[in-house]
Amino acid sequence: MKPDDHATDQAALIMGASGVVLRYGTLVERSRRIARLLRAAGLAPGEALAVALENRPEFLELAWAAHRIGLYFVPVDWHLLPDEAAYIVADCGAQAFAASDRLTRIDELAARLQARPRLRLQVGGAEPWPGFVSYEAHLARHSGEPLEDELDGQPMLYSSGTTGRPKGVKRPLGGSAFGATTWTETLMQRHFGVDRNSVFLMAGPLYHAAPLVWSMSAQRLGATLVVMERFDPEAALQLIERHRATHALMVPTHFVRMLKLDQSRRALFDLSSLRAVVHASAPCPIEVKERMLAWLGPIVHEFYSCTEGVGFAMIGPDEWRAHRGSVGRPLGCKIAILDHDGNELPPGEAGLVYFEGSGKFVYYNDPDKSAAVFDAAGRATVGDIGYLDADGYLYLTDRASQMIISGGVNIYPQEAENVLALHPEIVDVAVLGVPNEEFGEEVKAVVVPVEASRAGPELASRLVDYCRSRLAHYKCPRSVDFVDQLPRLASGKLAKRLLRNRYWRHAEAAAQHHHGVPR
């Protein structure tokens, strides 16, 4: 299905704070105009459109335009600094780029982009930017009539790794006509009952994988999407009540923030319209999940997947109560737990989580990293460690990579380490995730200073500011600890697990006690 299949006067999108409504008829017409604009600029199927926008109607207009004409749609986090954003736009080979004035230092970004992309669209902003053209003005020059030979596109999302530089997750286009049924569309329809009578609250940023894919799938099914410009716990409850939301997609940090509201305050809102609240993107503490179930009832569902899309597991509320701490059973694929020699492990033993039957992808421009994901049998892993119980439910115990998940956002510590390693007041540095009650994890730097006598709050503040001047703030340490030396092996490799254990020993012991994780 596609937006074109639904009543033109039905709301396709409602912005949570502003109340701006985009109806299906308008969404269809505007996405057709943009598709024609992109074709007129010379974009052909298989090329890329990059978009750096906050949550706003134009984000989905552009996404649907890309999907109409067989383009790769590449969301760029608008919080990124110019060098970071320019890297993604250049790496994906984008022939068109749309950005809003929420993107910082646009002049510097434009200079870094050099000759490409050839079409640059300015969304909003009072003053014109050098090298960009007005989104609205150019949109108006093209017809909103149906296009011929519409070909479904694909999202191309960027995921980092141990090198710290993001890599595009690229899947083949497949050649399907626009409107062909997608896997997520079927999932939402069959398992959660999403249809044209549904109202779906989207609490997260659309440039992330799940919010983007689930938002577009909801609109394929004709649901009304309510998108929050930014998450606020009380505003989320107000929106559920005001729009009689039937479904919501959140991350555990959203749960924590809502639960921190006084119970008497939460009780003021009528949430009886909700039929399913789905969460993903980060581990959910057992106590948080239990409190959400006690508050909302048996409507809290969880799924486990990744940007690479190499596997999918899901668990409903009743199943979760019987398998506390599990992220579910595989759906549409098979799970194998392997040791480092590739031997399959029995239930209860933790190892690398591999998925079978979820299709192929590549990390764009990185064949070595692409090859490392798959074993000889064609099974794929993203480095998560876990185990299966006797009933086939998956439990995650660790991540082979040291990726930090803070509030559902993936943070790759190598980026901050690379920046801080060059600071003149530092001998050695490690960046890792440490426990945070609200966000699950927060970023911490552990530093060996050049002069031990200077270790303290002033140096810590300088290091954080130094990092923030070179990277998006959320990637930078929120705190700095000073040590005499870091645990390095004779080879020089940092034994980060030993360092991490200093901060997580108590938290992991409690989790193992509750989750029943084998030691």
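The values are calculated or read from the model by the stated rules, or taken from the named source; none is laboratory data. Keep in mind the model is a prediction, meaning the values are calculated, not measured. So basically every Cβ, Gly included, is an ideal-geometry build from the backbone, and we count neighbours across all protein chains shown. Surface areas here come from the heavy atoms of the whole protein model, side chains and all, with no ligands, DNA or RNA. Shrake-Rupley method; radii C 1.70, N 1.55, O 1.52, S 1.80 Å.
Considering the stretch 112-160, the residues that are assigned to a helix (DSSP H, G or I) and charged (D, E, K, R) include one that is nearest to Gln402 (Cα to Cα), namely Arg112.
Within the stretch 235-250, being hydrophobic (A, V, I, L, M, F, W, C) and open to solvent by 20 Å² or more (accessible area, probe 1.4 Å) holds for one residue alone: Ala235.
A quick yes/no check of all residues on (1) farther than 21 Å from Gly42 by Cβ; (2) modelled with pLDDT of 90 or more:
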position	(1), (2)
Tyr72	no, yes
Trp78	yes, yes
Ala90	no, yes
Ala94	no, yes
Phe97	no, yes
Arg105	yes, no
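Within the stretch 138-159, is there a residue that is among the basic types (Lys, Arg), open to solvent by 20 Å² or more (accessible area, probe 1.4 Å) and within 19 Å of the chain's Cα centre (by Cα)? There is no residue in the stretch 138-159 that is among the basic types (Lys, Arg), open to solvent by 20 Å² or more (accessible area, probe 1.4 Å) and within 19 Å of the chain's Cα centre (by Cα). Filtered by the rule that a residue be open to solvent by less than 10 Å² (accessible area, probe 1.4 Å) and among the hydroxyl-bearing types (Ser, Thr, Tyr), the stretch 168-214 gives a lone residue, Ser198. Within the stretch 375-387, residues that are under 14 Å from Phe361 (Cβ atoms) and of a type in the set (Asp, Glu) have Cβ atoms under 6 Å from residues that are at pLDDT below 90 and assigned to a strand (DSSP E or B) in no pair, counting only partners at least 6 apart in sequence or on another chain.
Just the residues that are hydrophobic (A, V, I, L, M, F, W, C), modelled with pLDDT of 90 or more, out of contact with any Asp or Glu (no Cβ under 9 Å at 6 or more places or on another chain) and surrounded by 21 or more Cβ atoms within 10 Å (Cβ to Cβ), please, taken from the stretch 270-311. So that I can check it myself, show each step before the final result.
In the first step, residues of the stretch 270-311 are kept if they are hydrophobic (A, V, I, L, M, F, W, C); the result is 271, 274, 276-278, 280, 282, 284, 286, 288, 292-296, 299-300, 303, 306, 310.
In the following step, the residues that additionally are modelled with pLDDT of 90 or more were identified as 271, 274, 276-278, 280, 292-296, 299-300, 303.
Filter once more, so that each one left must be out of contact with any Asp or Glu (no Cβ under 9 Å at 6 or more places or on another chain): 274, 276-277, 292-296, 299-300, 303.
Ala276, Val277, Met292, Val300 - these are the residues of the stretch 270-311 that are hydrophobic (A, V, I, L, M, F, W, C), modelled with pLDDT of 90 or more, out of contact with any Asp or Glu (no Cβ under 9 Å at 6 or more places or on another chain) and surrounded by 21 or more Cβ atoms within 10 Å (Cβ to Cβ).
The one condition from (1) surrounded by fewer than 20 Cβ atoms within 10 Å (Cβ to Cβ); (2) more than 20 Å from the chain's Cα centre (by Cα) that Leu121 does not meet is (1). The residue list Gly408, Gly392 contains one member that is surrounded by 16 or more Cβ atoms within 10 Å (Cβ to Cβ), under 27 Å from Trp320 (Cβ atoms) and not polar (S, T, N, Q), which is Gly408.
Listed by position, the strands (runs of 3 or more DSSP E) enclosed by the stretch 1-110 that each have at least 1 residues that are aliphatic (A, V, I, L, M) and open to solvent by 10 Å² or more (accessible area, probe 1.4 Å) are 11-15, 21-23.
Would you confirm whether or not the stretch 447-461 contains a residue that is open to solvent by 80 Å² or more (accessible area, probe 1.4 Å) and in contact (Cβ under 8 Å) with a residue 60 or more places away in the chain? No: the stretch 447-461 contains no residue that is open to solvent by 80 Å² or more (accessible area, probe 1.4 Å) and in contact (Cβ under 8 Å) with a residue 60 or more places away in the chain.
Of all the criteria given as (1) open to solvent by 30 Å² or more (accessible area, probe 1.4 Å); (2) in contact with a Cys (Cβ under 8 Å, 6 or more places away or on another chain); (3) outside any loop (DSSP other than H, G, I, E, B), the one not satisfied by Phe355 is (1). Flag: Arg321 does not match the condition of being in a strand (DSSP E or B) and open to solvent by 30 Å² or more (accessible area, probe 1.4 Å). Residues that are open to solvent by 10 Å² or more (accessible area, probe 1.4 Å) and closer than 13 Å to Met250 by Cβ within the stretch 215-234 comprise Phe231, Asp232, Pro233, listed in sequence order.
Counting the residues of the stretch 325-348 that are open to solvent by 40 Å² or more (accessible area, probe 1.4 Å), in contact with a Gly (Cβ under 7 Å, 6 or more places away or on another chain) and not in a loop (DSSP other than H, G, I, E, B) gives 3.
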